[in-house]
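Have a look at the structure below before the remarks.
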Amino acid sequence: MLFQVDDFEVEFEGLKVAVKVMDMVGRTVFQLTFPDGRKPLIISRSKVFDGRKVWMSIPEGRQSEAIPIGAKIVEHFSKY
């Protein structure tokens, strides 16, 4: 990461989801903590074979959460 980013929150399904920015093996990832008791989720933005960037859950399987929350993260950073 080029600079230290403070933790923040995004809204998802009417909940305030805590977002923590972390470095994992030289890659920026986002740890999401949900207030409703579901397991935390780690997501990252990855480039796929055709060059598009997509949000991926780590481990795979929670794309239905990763994609819309990833869009909220992009929206959060676009304010700066």
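A straight Cα-to-Cα reach below 21 Å connects LYS79 with the lysines LYS16, LYS20, LYS53, residues fewer than 8 places away in its own chain not being considered. Counting every other Cβ atom within 10 Å of each residue's Cβ, LEU15, LEU32, LEU41 order from fewest to most as LEU15, LEU41, LEU32.
Across the stretch 35-50, rounded Karplus estimates of 3J(HN,Hα) from the backbone phi angles (6.51 cos²θ - 1.76 cosθ + 1.60, θ = phi - 60°) give x, 9, x, 5, 4, x, 9, 10, 10, 8, 9, 10, 8, 9, 3, 8 Hz, Gly and Pro being marked x. Counting every other Cβ atom within 10 Å of each residue's Cβ, GLU11, GLU65 order from fewest to most as GLU11, GLU65. If R0 is taken as 30 Å, the Cβ-Cβ distance between ARG38 and ASP6 corresponds to a FRET efficiency of 0.80.
Between ARG45 and HIS76, residue separation times 0.36 nm minus the direct Cα-Cα distance comes to 9.7 nm. When each of VAL25, VAL54 is scored by the number of other beta-carbon atoms lying within 10 Å, the sequence from fewest to most is VAL25, VAL54. Computed from the coordinates I sent, mean projected area of the Cα convex hull in nm² equals one of (1) 5.4; (2) 5.9; (3) 7.3. Tell me the label. Computed from these coordinates, mean projected area of the Cα convex hull in nm² corresponds to label (2). Evaluated with a Cβ-only charge set (Lys, Arg +1; Asp, Glu -1), the stretch 8-78 carries a dipole of roughly 220 debye about its Cα centre, given to the nearest 20.
Readers should treat all values here as calculations from the given coordinates under stated rules, not as data from a laboratory. This one's a predicted model, so the numbers in the text were calculated from it and none came from an experiment. Glycine gets a Cβ as well: all are built from the backbone with ideal geometry, and neighbour counts include every protein chain shown.
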